1. Tally time: how many residues in the stretch 4-28 are surrounded by 14 or more Cβ atoms within 10 Å (Cβ to Cβ) and either out of contact with any strand residue (DSSP E or B) (no Cβ under 8 Å at 6 or more places or on another chain) or not aliphatic (A, V, I, L, M) (or both)?
2. Six or more apart or on different chains, Cβ under 7 Å: which pairs go from a residue in the stretch 126-155 that's within 15 Å of I98 (Cα to Cα) to one that's open to solvent by 50 Å² or more (accessible area, probe 1.4 Å) and among the basic types (K, R)? Could you list them?
3. Taking the residues in the stretch 132-156 that are under 15 Å from S77 (Cβ atoms) and open to solvent by 50 Å² or more (accessible area, probe 1.4 Å) as candidates, determine which candidate is farthest from the chain's Cα centre (by Cα).
4. Where the second residue is in a loop (DSSP other than H, G, I, E, B) and acidic (D, E) and the first is more than 30 Å from Q194 (Cα to Cα) and lies in the stretch 4-27, which pairs have Cβ atoms under 9 Å and are six or more apart or on separate chains?
5. With respect to V159, is the statement that it is more than 18 Å from G75 (Cβ to Cβ), at pLDDT below 90 and β-branched (V, I, T) true?
6. Can you list residue pairs whose Cβ atoms sit under 9 Å apart, with the first residue in the stretch 174-194 being part of a loop (DSSP other than H, G, I, E, B) and the second being open to solvent by less than 80 Å² (accessible area, probe 1.4 Å) and among the hydrophobic types (A, V, I, L, M, F, W, C)? Count only pairs 6 or more apart in sequence or on different chains.
7. Return the residues of the stretch 38-57 that are open to solvent by 50 Å² or more (accessible area, probe 1.4 Å) and among the hydroxyl-bearing types (S, T, Y); say none if nothing qualifies.
8. Return yes when S81 is of a type in the set (S, T, N, Q), closer than 20 Å to A157 by Cα and assigned to a helix (DSSP H, G or I) and no when it is not.
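The values are calculated or read from the model by the stated rules, or taken from the named source; none is laboratory data. Since the model is a prediction, treat every value here as computed from it, not as a measurement. FYI the Cβ positions are ideal-geometry reconstructions off the backbone, even for glycines, and counts take in every protein chain you see. Note: areas computed on protein heavy atoms with side chains; ligands, DNA, RNA excluded. Shrake-Rupley method; radii C 1.70, N 1.55, O 1.52, S 1.80 Å.
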Amino acid sequence: MTRPVVIYIPGLGDQSNWLMWPQAIALRRWGRYGFRTKIFRVGWSQDAALGPRYEQLLQVIRTYHEAGHTVSLVGTSAGASIAVRACAENPDVIHRVITICGKLDGPLPEQVKAVNPTFAESYEKFLRLRPRLLRQATDKILCFYSPGDIVVPVDEAIVENAQLSETPKLGHNLACLFVLLCRARRAAQFLHSQ
């Protein structure tokens, strides 16, 4: 039997090693719940076009799936919308999706668009497809959110009919790390469920 795989898609700052280091350490702990984890860095702030990066993500997903692994996605912040999109467009390949303080609704600030063009492109595509995507995928989604998050407020971090889980009232980055470290068991229960 092959181990289930979790592909982790981090948010903005995914090219910064000092931001990624604590996330990578936290994800190592997910091995105790039976998961193999793979970090997929989109490169949100780079000038790379979204299309090739999205295709690379889909190729990673297909490679694990074709090797017999059950594949789930975890998208944090900016990574949430691309994780939901990938699941809705590939429902037979992706088992579950977890979003952590994910930007899933509402306007994107102009400053964020200017500094993170790949994310802006991804998010705008997600918003156009959102109604169709969410009809197809809500039973496969668990949204973690924080009432203390001012970067991605609660109403922008959840989707109707998905499972919801509230974190303590923490700021954005701390809430994301809290889920990876302290809510891993809850995440594992959801990912292992049929």
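1. Here is the first cut: in the stretch 4-28, the ones surrounded by 14 or more Cβ atoms within 10 Å (Cβ to Cβ) are 4-15, 19-20, 22-24, 26-27.
Imposing the further condition that a residue be either out of contact with any strand residue (DSSP E or B) (no Cβ under 8 Å at 6 or more places or on another chain) or not aliphatic (A, V, I, L, M) (or both) reduces the set to 4, 8, 10-15, 19, 22-23, 26.
Of the residues in that region, 12 qualify.
2. Listed by first residue and then by second, the contacts come to F144/R183; S146/K169.
3. Looking only at the stretch 132-156, we keep the residues that are under 15 Å from S77 (Cβ atoms), and these are 143-146, 148-154, 156.
From the residues that got through so far, the ones that are open to solvent by 50 Å² or more (accessible area, probe 1.4 Å) too are 150-151.
Values: I150: 18, V151: 16 Å.
Once the filter is applied, the top-ranked residue is I150.
4. Here the result reads M20/D14, each pair linking the stretch 4-27 to a residue that is in a loop (DSSP other than H, G, I, E, B) and acidic (D, E).
5. Details: more than 18 Å from G75 (Cβ to Cβ): no; at pLDDT below 90: yes; β-branched (V, I, T): yes.
It is false that V159 is more than 18 Å from G75 (Cβ to Cβ), at pLDDT below 90 and β-branched (V, I, T).
6. What qualifies is R183/I100; R183/F144.
7. Within the stretch 38-57, just S45 meets the criteria.
8. Values: of a type in the set (S, T, N, Q): yes; closer than 20 Å to A157 by Cα: yes; assigned to a helix (DSSP H, G or I): yes.
Criteria met by S81.
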